[in-house]
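**Student:** Handing you this structure, nothing more for now.
Please treat every number below as a calculation from the coordinates, not as lab data. Not measured: the values here are computed from a predicted model. Backbone-built Cβ (ideal geometry, glycine too); neighbour counts: all protein chains shown.
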Amino acid sequence: MRYDLQKILESMEQMHKTTRGNSFCMHGGECTLIPRGDFETILKKMYELQGQSAIQTNGYTINNDLIRLFKNYRTNVGVSIDGDGELNALRGFPDNPEKNRKYTDKVLANILKMKKEGIHVGIITVLHKVNASTTDKLEKLLKFILFLRSNDIKGGRLNLMWSNHPEAKQYQLTPEQASNAWLFLYENLKQYPDHHWQPFREFVDNLLGFAQSSCSLGKCDYFCTYGAKTILPDGTLGNCDRTHQEEHAYTRASDKPTYERYEILKQTDCKGCRYWNVCFGGCPAEGVDGDWRNKTRWCEPIYSLYEKVESDLKAMFPNINLVSDHNEIDDYFDMLRSGKSIQPFKKMSRDKAVNPSSWKGVKMKKQKEKAKVPINAHGDCAHGDHTDHGDSS
């Protein structure tokens, strides 16, 4: 691939100066295949700007020289792997089980080596028909996740594979299969307090109203994405690479996103949804029928997981106050950014309640000022595909 390294570095400098909350991450393609000098130059620039660096890699090319660079530039290494053995066939050799096994074994060995060397390692696993369509496959995937945990790698992301390309789309789970996969893994991982697999922890925080999770559940403008911006090979600024599915990369339409999609969805497909304020119709790139204007094709698994997490929280704390209890709020996270909150544990707080309790009737203390709901606005939140690999420390 041809690229202009100097212009890329200049764009990184400019983004760092003008955009709040940047977290750079190098990915591709396979970013470790570019000339080693250029690779180090980009890591060094990330380190200079933010005190650390990050990459997303298939993990196959990792060697001692790369590990040295990761240590020098405090690199968070996200590895893309979809399980052990045949579960990882779509990333390895789908038609050659022996080659695929050797490929996957090497990636796993590199993951463990990096962890042993003190590198921060996280995992991105994509759920599809090869690794998550049946109970048997999910049990094997869970075994793989617990193997990672036994080696002190306790976090990552479990993203749902999607595509609008006919050849790739055949591997996409049905909404029912996706729901079953997330719920199976959620149920089996929640017994481990130290696990940091997403989206499970993020869904809890979203319902508690602490902070908005990855931008796939926020108000993102398809032509002016806020949660992820891409520096293209020529140094120009583009949108999130999820928008590149149409075989070209859009440059940014403007610096100010618009929210017409969300105003329409709130009155149509998502009207009255209990989880509107923690979903907003989902990522536009995942829109039904490949149309960014539609709600996400993953409405069913998102709803099912939120419903299960909400049920678990309320079973433990009947007096808990969740974002999903407040459909009267137009945009909760806009309200949060203004300094107001639903205060999820207010009935359990001695500062707020006369007789705090997790379950019984509570008399609240009088408050000087009631929360007000502001007009719509939106800010930055983390992007889930590359910059948040999960906590493996």
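**Student:** Expressed as a fraction of 2.2 N^0.38 Å, the rule-of-thumb size for a compact globular protein of N residues, what is the C-alpha radius of gyration of segment 64-167?
**Tutor:** Normalised by 2.2 N^0.38 Å, the Cα Rg of segment 64-167 equals 1.12.
**Student:** What residues have an amide H closer than 5 Å to that of HIS196, excluding those fewer than 5 places away on the same chain, when H is modeled at 1.01 Å from N in the peptide plane?
**Tutor:** GLY155, GLY156
**Student:** So if we plug the beta-carbon distance of ALA253 and LYS116 into 1/(1 + (r/R0)^6) with R0 = 35 Å, what FRET efficiency do we get, rounded to 0.05?
**Tutor:** 0.15
**Student:** In whole angstrom, note down how far apart the Cα centers of segment 324-355 and segment 180-211 are.
**Tutor:** Spelled out, the Cα-based centre of one part sits 21 Å from the other.
**Student:** Let me ask something else. If you plug each phi of segment 207-224 into the Karplus form 6.51 cos²θ - 1.76 cosθ + 1.60 with θ = phi - 60°, what whole-Hz ³J(HN,Hα) values come out, in order, with x for Gly and Pro?
**Tutor:** 5, 6, x, 6, 6, 6, 7, 4, 5, 5, 10, x, 7, 10, 7, 4, 9, 8
**Student:** To the nearest 10 degrees, how steep is helix 299-316 against the longest Cα principal axis of the chain, on a 0 to 90 scale?
**Tutor:** That works out to roughly 60 degrees.
**Student:** Once Lys and Arg get +1 and Asp and Glu get -1 on their Cβ, which of GLY287, ASN22, ALA353 lies farthest toward the positive end of the dipole of the chain?
**Tutor:** So the residue we want is ALA353.
**Student:** I would also like to ask the following. For the pairs LYS129/LYS308; LYS116/LYS137; LYS219/LYS295, flag any whose C-alpha to C-alpha distance is greater than 18 Å.
**Tutor:** From the list (LYS129/LYS308; LYS116/LYS137; LYS219/LYS295), the Cα-Cα distance tops 18 Å for LYS129/LYS308; LYS116/LYS137.
**Student:** I would also like to ask the following. As a footprinting exposure proxy, order GLU167, GLU307, GLU139 by other Cβ within 10 Å, with the fewest listed first.
**Tutor:** GLU167, GLU139, GLU307
**Student:** Please report how far the C-alpha centroid of segment 123-165 lies from that of segment 261-290, rounded to the nearest whole angstrom.
**Tutor:** Computed from Cα coordinates, the inter-centre distance equals 26 Å.
**Student:** Follow-up. Report, in degrees rounded to the nearest 10, the 0 to 90 angle that the Cα long axis of helix 97-116 makes with the longest principal axis of the chain.
**Tutor:** In the chain, helix 97-116 runs at an angle near 70 degrees to the longest axis.
**Student:** Between GLU117 and residues 5 or more places away or on another chain, which pairs have amide H atoms under 5 Å apart, with H built 1.01 Å from N, and which residues are they?
**Tutor:** For GLU117, whose amide H was placed from the backbone, there are no distant partners under 5 Å.
**Student:** Same structure, new question: Under 1.5 on a/c is rounded, so check that first for segment 137-232, then, if it is not, pick prolate when a/b is larger than b/c and oblate when it is not; a ≥ b ≥ c are the square roots of the alpha carbon gyration tensor eigenvalues.
**Tutor:** Taking the square roots of the gyration eigenvalues as a ≥ b ≥ c, segment 137-232 is oblate.
**Student:** For the chain, what is the mean residue ellipticity at 222 nm derived from helices alone (per DSSP H run of n ≥ 4: -39500 (n - 2.57); sum divided by total residues; nearest 500 deg cm²/dmol)?
**Tutor:** Value at 222 nm, helices only, nearest 500: -11000 deg cm²/dmol.
**Student:** Output the peptides 309-316, 340-347, 82-89 sorted from most to least packed, where packing is the average of other Cβ atoms within 10 Å over each peptide's residues.
**Tutor:** 82-89, 340-347, 309-316
**Student:** Would you mind working out the magnitude of the charge dipole of the chain relative to its Cα centre, with +1 at each Lys and Arg C-beta and -1 at each Asp and Glu C-beta, to the nearest 20 Debye?
**Tutor:** I would put it at about 1600 debye.
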